[in-house]
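Every read-out reported here was derived from the displayed coordinates using simple, explicitly stated rules and does not represent laboratory data. Please read all numbers here as calculations on a predicted model, not as lab measurements. A quick note on method: Cβ atoms are made from the backbone with ideal geometry, for glycine too, and the neighbour counts reach across all protein chains shown.
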Amino acid sequence: MADLSAGRASMPARIAASVPERDGLLAAMPAYLPSSGALTTKLVSLFPRNADRPTHQAVIVAFDPETGTPVALMDGEAITAARTAAASALATDLLARADPYRLVVIGTGVQARAHLRAVSRVRRFGSICVVGRDLAKAKALAMEFGGGNFREVGAYVQIEQAVREADVVCACTHSPEPVVRREWLRPGTHVNSVGYNTAGREVDAATFRDALLVVESRVATLAKPPAGSNDIAMAIAEGAMTPDHVHAELGELVSGARPGRADAAQITLYKSVGVAVQDAAAAALVLEGARREHVGREVEI
């Protein structure tokens, strides 16, 4: 993220072919990240109506940055889940108060599980809560993370109740209606929002208005869909904020170019759109591990 903010990476805006009858899209995300020796592109489909399979499905192709030769084809679903949650964990580490007690994750899918795993590594939460429309699914996911350092593990159907009790909120949904509203957030709450839905938003405009807002890339986030954030575009259209309201990029916080939280009462918000340098860095780690462990299958093309 620091390389992206400093201009040391090449990453054009995401493009996509839409499948309107399914509210779906197929996006292409290329990047060159010299510090990781990574030249990759991800092809990812987003079909939010999927019930019998993941809403995000992807493949990543890695190329040799010296010759441009394709060197690996790998599944992108696990990498997308891990790198998205890892970026939220980074944002939480940089922005959340040092002493949060309750972590609330909204959603019961792939990203919810990945966020529970990643975000709980950067703060010592005493309580975790999973919120889902299906209480049984929410309970099952919460219990996967029961025990250990968590004194309380819970599951809710009522989003408002959970958010009102949260110190850190991770919104991992495809909801077209806000699941995070300003009036529910108590002072000092940190919010991670990774959901994407062209039909709506998962964070309301008032939260963007009042929060310290951090993104991965100003250019990417403020672009029109499929690259940009619909949540932010709607907040701007409603007059709740302007593009200048974006306080910082993650990489600017990492490098110290921009400050983070100003005080304990400040509400902070990380809005993710997912950027290709994250896929490039993660894919490079996977490829390095595969070569070291001699796993995978070699094929002639």
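Numbers below:
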| item | result |
| --- | --- |
| Selection of trypsin sites (Lys or Arg not before Pro), the stretch 1-36, meeting DSSP coil and at most 15 other Cβ within 10 Å | 8 |
| MRE, 222 nm, helices only [DSSP H, n ≥ 4, -39500 (n - 2.57), over the chain, to nearest 500] | -8500 deg cm²/dmol |
| Rounded tilt (10° steps) of 135-144 against the dominant C-alpha axis of the chain | 70 degrees |
| The chain, relative contact order [Cα under 8 Å, separation at least 6], % | 19 percent |
| Among 43, 250, 95: highest mean-square fluctuation, GNM of the chain, C-alpha pairs under 10 Å | 43 |
| Cα pair distances exceeding 24 angstrom across the stretch 147-301, given as percent | 43 percent |
| Rounded to 5, the percent of DSSP beta bridges in the chain classed as antiparallel | 50 percent |
| The stretch 1-24 versus the stretch 254-290: alpha-carbon centroid distance in Å | 15 Å |
| Cα-based helix-to-principal-axis angle, 276-293 vs the chain, degrees rounded to 10 | 60 degrees |
| Spacing of the two label points (7 Å from each Cα toward its C-beta) at residue 67 and residue 297, in nm | 2.3 nm |
| Segment residue 99-residue 152, length gained on full extension (0.36 nm per residue, minus Cα span) | 17.5 nm |
| Within the chain, longest stretch clear of exposed GluC sites (Glu not before Pro) (DSSP loop, no more than 10 other Cβ within 10 Å) | 67-297 |
| Cβ-defined net charge surrounding residue 241, 14 Å radius [Lys, Arg +1; Asp, Glu -1] | 0 |
| Fewest-first ranking of 196, 32, using other Cβ atoms within 10 Å as the exposure measure | 32, 196 |
| Value of D in µm² per second that Stokes-Einstein yields for the chain, Kirkwood Rh from Cα pairs, at 25 °C (0.890 mPa s) | 125 µm²/s |
| Hits among lysines - C-alpha to C-alpha of residue 224 under 28 Å, sequence gap 8 or more where chains match | 42, 271 |
| Rounded Å value of the spacing that divides the Cα centres of the stretch 195-236 and the stretch 93-145 | 22 Å |
